[in-house]
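One structure is given below, encoded as structure tokens.
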Amino acid sequence: MSDSILVTGGTGTLGRLVVGRLLETGADVRVLSRSPRPGTPYAPVRGDLTTGAGLERAVDGVSTVVHLASDFRRPKGDVEGTRRLTQAARAAGAGHLVFISIVGVDRHPYFYYRAKYEAERVVAASGLPYTILRTTQFHDFALFLAQSLARLPVVPVPAGWRMQPVDTSEVAERLVELASAAPAGRVPDMGGPEILPARDLVRAYLSAAGRRRPLVSVRVPGKTAAAFRQGVHLAPGHATGVRTFGEFLAGRVDPARLVSGYGAA
Ligand SMILES: NC(=O)c1ccc[n+]([C@@H]2O[C@H](COP(=O)([O-])OP(=O)(O)OC[C@H]3O[C@@H](n4cnc5c(N)ncnc54)[C@H](OP(=O)(O)O)[C@@H]3O)[C@@H](O)[C@H]2O)c1
């Protein structure tokens, strides 16, 4: 393991787990954040990928960059931020960039996934040795979606949608393994252990939270919804994740406090 690693997005749902595991390996970890907090066990660097502020300092002397940062509301900014980061890392002499991506981004019309694919291509063309891991949706994200839908008295569930959620900590472990290995280009996709209809995910959440709500199936129009029905975002041949969504929910001991990792820092 290289002893100097920059993690972008190290304050996020996945990033917190990656940083925790890297610290366990004894790595010297630096985290880029727009609003770093004091008293962290890693070295925080204030910066912003959309403006380039702090980037030079963030990459100075690091040998590996684990790039997880993303702002769902500004996917074009993610692409430009990835370009800035790869240029800065290359100029600073970094030897490996590990990038997290999403299964099916090269075939999916969803705007966020299209930008993710563009960012993948920026990484591949950057001249930096790289590793790209595409995964399916995280358990935390599936929980967040279920929670959001279940706020309504009658829960709308997109008809025909399925998910293959994967445990966020298993993804973090895989990323740490990849960061310690040689750059490998695009590695095999990583999906969760089971493919579940959206209604089953929502039911599992309601049951774990001890709540009752009627569900109503809603047919969502458009190309993006059709791609989700076709399962472009699924990886049935790469169901390498172990922990099921049910086991993940059960691990959130107190149903009344059942929360996703989003905003739970
Ligand atoms: N969620 C899923 O199901 C899923 C599935 C596959 C892949 N992924 C990918 O995994 C990665 C992490 O996802 P997540 O859900 O853990 O994200 P998240 O919790 O939303 O965290 C986003 C992170 O990005 C950082 N960030 C955002 N804009 C930034 C900017 N302009 N400059 C610097 N840092 C910025 C944030 O840091 P500060 O706020 O501290 O600045 C935060 O640490 C993303 O790239 C996502 O596309 C997610």
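The values are calculated or read from the model by the stated rules, or taken from the named source; none is laboratory data. Only a predicted model underlies this, so the values are computations on that prediction, with no experimental measurement involved. Cβ sites come from the backbone with ideal geometry, for glycine too, and all protein chains shown count toward neighbours.
Remarks
- Scanning region 196-249 for residues that are within 18 Å of the chain's Cα centre (by Cα) and either aliphatic (A, V, I, L, M) or surrounded by fewer than 17 Cβ atoms within 10 Å (Cβ to Cβ) (or both) turns up Val232, Leu234, Ala235, Ala239, Thr240, Val242.
- Just so you know, in region 74-91 the residues that are closer than 22 Å to Phe111 by Cα, among the charged types (D, E, K, R) and assigned to a helix (DSSP H, G or I) include one that is nearest to the ligand (Cβ to nearest atom), and it is Asp78.
- Residues satisfying the stated conditions in region 19-51, i.e. more than 11 Å from Thr8 (Cβ to Cβ), assigned to a loop (DSSP other than H, G, I, E, B) and either more than 10 Å from the ligand (Cβ to nearest atom) or in contact with a strand residue (DSSP E or B) (Cβ under 6 Å, 6 or more places away or on another chain) (or both): Thr25, Gly26, Ala27, Pro36, Pro38, Gly39, Thr40, Pro41, Tyr42
- Flag: Val59 matches the condition of being of a type in the set (Val, Ile, Thr) and touching a helix residue (DSSP H, G or I) at 6+ places or on another chain (Cβ under 8 Å).
- Residues of region 159-207 classified as of a type in the set (Phe, Trp, Tyr), assigned to a helix (DSSP H, G or I) and touching a strand residue (DSSP E or B) at 6+ places or on another chain (Cβ under 8 Å), total: 0
Table: residues versus (1) more than 22 Å from Arg174 (Cα to Cα); (2) at pLDDT 95 or above.
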site: Ser70; (1), (2): no, yes
site: Arg74; (1), (2): yes, no
site: Ala92; (1), (2): yes, yes
site: Lys116; (1), (2): no, yes
site: Ala119; (1), (2): no, yes
site: Thr136; (1), (2): no, yes
site: Phe141; (1), (2): no, yes
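- Of residues in region 146-199 being small (Gly, Ala, Ser) and over 30 Å from Thr8 (Cα atoms), the one farthest from the ligand (Cβ to nearest atom): Ala159
- The C-beta contact set for region 141-152 (first residue over 16 Å from Gly210 (Cα atoms), second residue assigned to a helix (DSSP H, G or I) and not β-branched (Val, Ile, Thr), distance under 8 angstrom, 6+ apart or interchain) comprises Ala142/Leu201; Ala142/Phe245; Leu145/Leu201.
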